[in-house]
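The values are calculated or read from the model by the stated rules, or taken from the named source; none is laboratory data. Treat the numbers as computed from the prediction; the structure is a model and nothing was measured. With ideal geometry, Cβ positions are generated from the backbone for all residues, glycine too; neighbour counts draw on all protein chains shown. Only protein heavy atoms, including side chains, enter the accessible area calculation; ligands, DNA and RNA are left aside. Shrake-Rupley method; radii C 1.70, N 1.55, O 1.52, S 1.80 Å.
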Amino acid sequence: MKRVKGDEEECNSPSHQSPQEVCKKVRKQPSEEPEDEDAVCDSGCDWALLPQEILLHIFQYLLLLDRAFASQVCRRWNEAFHMPELWRCFEFELNQPASSYLKATHPDLIKQIIKRHSNHLQYVSFKVDSSTESAEAACDILSQLVNCSLKTLGLISTARPSFMELPKSHFISALTVVFVNSKSLSSLKIDDTPVDDPSLKVLVANNSDTLKLLKMSSCPHVSPAGILCVADQCHGLRELALNYHLLSDELLLALSSERHVHLEHLRIDVVSDNPGQHFHAIKKSSWDAMVRHSPKFNLVMYFFLYEDEFGPFFCEEIPVTHLYFGRSVSKDVLGRVGLHCPRLVELVVCANGLRPLDEELIRIARRCSQLSAIGLGECEVSCSAFVEFVKMCGHRLSQLSIMEEVLIPDHKYSLDDIHWEVSKHLGRVWFPDMMPTW
């Protein structure tokens, strides 16, 4: 009997008990129960006693609505829901159900955020659909952020137009509230908005010591003088993104003459809304001055032009480092890229046509000694020329994205051969990208 008793004691030891039994074993006595009885689950685990830092980490992964539901579980979770750290970064999603499939931030939650957490917000973005109602809702929220001190602000239109449909004075008034009250903006992204020169002066008057990134492509009411005002006052400016119509020789020379401005990234969007649009040319001497002033800066250019609109571009040397062609580009233009873009690091060509790019690709490999990434979409290149291209710059190619349809088999290489040949010169296994079949 004593032996049996010993066995029973052994079976009751913690090492032989199930997790639920152990949890019940360590459960507090009734006198030590927490006030939030609903926080104790059926298994006896007291979720209300999770450390605040763990709760905060979990809540950061929840969608806003799920986070709000979780805050109703118990008092501790509700306290975690209102911790300032949880509201420093927030994205308002403003969409109209009739015109968008995206989920929108609930109006009641927006009211609660503005009432209780506006002074905690630091990194804020607005994702707005194409409706005027959503853009107006964004302006209404902006105008109420009087107690905030934002560090970053982004206005993102998921479909155009939105902010451009608003009365200019209404938008500027709402944006000025943030400019005046923040005092510490470091990043501002306001593409496709009716922002103007006077509002930029308000921006720099209150945030000149902190602004590092300004992204404002497709802002038709801004002039080169407005950009010069920003460059002159914002000594810490490191990244600037503009539409090509704002770029001028005067602006580049001004950026090159400001001792306190050392741009690390200059992004230019070259966009044509109507076929046959005219574009001005930038002098080589202006680009040279920019390179002398900031020799390590990256010039990123996105081209969305029709083939007959490339006349002013790549006729002289240009210090572009990252080049993206979003529409079809001719062999002639790509040939000029190989001749006049010695600093090129990345090249992406979405489409070219049915004429092989063998010579142009070899020229780019030979002349662009820093090229480390290339992507080709609807183009044609013979397998022999492609292998030769990889031989010439394979040791430095970190990204090589080529659709299988681009490669044309010839007398020297088939599609089966090219995988092994390219992998050999790259020093790693490589396969061409495959077009998905739906």
Q) Based on the Cβ-Cβ distance of HIS262 and LEU65, what FRET efficiency does E = 1/(1 + (r/R0)^6) give at R0 = 30 Å, to the nearest 0.05? A) 0.10
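Determine the sum of side-chain charges near GLU360: Lys and Arg each +1, Asp and Glu each -1, restricted to other residues whose C-beta is under 13 angstrom from that of GLU360.
+1
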Q) Mean residue ellipticity at 222 nm from the helices of the chain, using -39,500 (n - 2.57) per DSSP H segment of n ≥ 4 over the full residue count, to the nearest 500 deg cm²/dmol? A) -10500 deg cm²/dmol
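Of LYS115/LYS168; LYS201/LYS296; LYS127/LYS212, which pairs sit farther than 24 Å apart, going by alpha carbon to alpha carbon?
Correct reply: LYS115/LYS168; LYS201/LYS296.
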**Q.** Ranked by how many other beta carbons lie within 10 Å on average, peptides 103-113, 236-246 from highest
**A.** 236-246, 103-113
Q) Counting Lys and Arg as +1 and Asp and Glu as -1, each charge on the Cβ, what is the dipole of the chain about the Cα centre in debye, to the nearest 20? A) 1220 debye
Q.
Going 7 Å from the Cα of GLU378 along its beta-carbon direction, which residues of the range 328-347 have the amide nitrogen within less than 14 Å of the resulting point?
A. 328-330
Q) Around SER285, with a cut-off of 15 angstrom between Cβ atoms, what is the net charge of the other residues, counting Lys and Arg +1 and Asp and Glu -1? A) -2
Q) Nearest 10 degrees, 0 to 90: what angle lies between the long axis of helix 168-182 and the longest principal axis of the chain (Cα atoms)? A) 60 degrees
Q: Give the carbon-plus-sulfur fraction of the accessible surface of the range 53-93 in %, rounded to a whole number; probe 1.4 Å, heavy atoms of protein chains only.
A: 58 percent
(Q) Please give me the summed charge of the neighbours of PHE431: other residues whose Cβ is under 14 Å from its Cβ, Lys and Arg +1, Asp and Glu -1. (A) -4
Q. Quick one: if the Förster radius is 41 Å, what FRET efficiency do CYS315 and TYR123 give, using the C-beta to C-beta distance and rounding to 0.05?
A. 0.45
Q: Identify, among SER131, HIS106, ASN95, the residue whose Cα sits farthest towards the positive end of the charge dipole of the range 89-160, taking +1 on the Cβ of Lys and Arg and -1 on the Cβ of Asp and Glu, with the dipole about the Cα centre.
A: HIS106
(Q) Rounded to the nearest 20 debye, what is the charge dipole size of the range 131-226 about its Cα centre when +1 sits on each Lys and Arg Cβ and -1 on each Asp and Glu Cβ? (A) 380 debye
Q) Out of TRP420, LEU246, SER369, whose Cα points farthest toward the positive end of the dipole of the chain (charges: +1 Lys, Arg; -1 Asp, Glu; placed on Cβ)? A) SER369
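Roughly speaking, to the nearest percent, how much of the range 216-341's 1.4 Å accessible area is carbon and sulfur?
Its accessible area is 52 percent carbon and sulfur atoms.
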Q: Mind running the shape call on the range 240-337? Use the C-alpha gyration tensor, a ≥ b ≥ c as the square roots of the eigenvalues: rounded below 1.5 for a/c, prolate if a/b tops b/c, oblate otherwise.
A: prolate
Q | On Cα atoms only, tilt of 415-426 relative to the major axis of the chain in degrees | A | 80 degrees
Q | Farthest positive-ward along the chain dipole, Cα basis, beta-carbon charges - from PRO220, PHE431, SER149 | A | SER149
Q | the range 294-388 - Rg and Dmax from Cα coordinates, angstrom | A | 12.5, 40
**Q.** Accessible solvent surface per residue of the chain, calculated while the other protein chains remain in place, 1.4 angstrom probe, Å²
**A.** 52 Å²
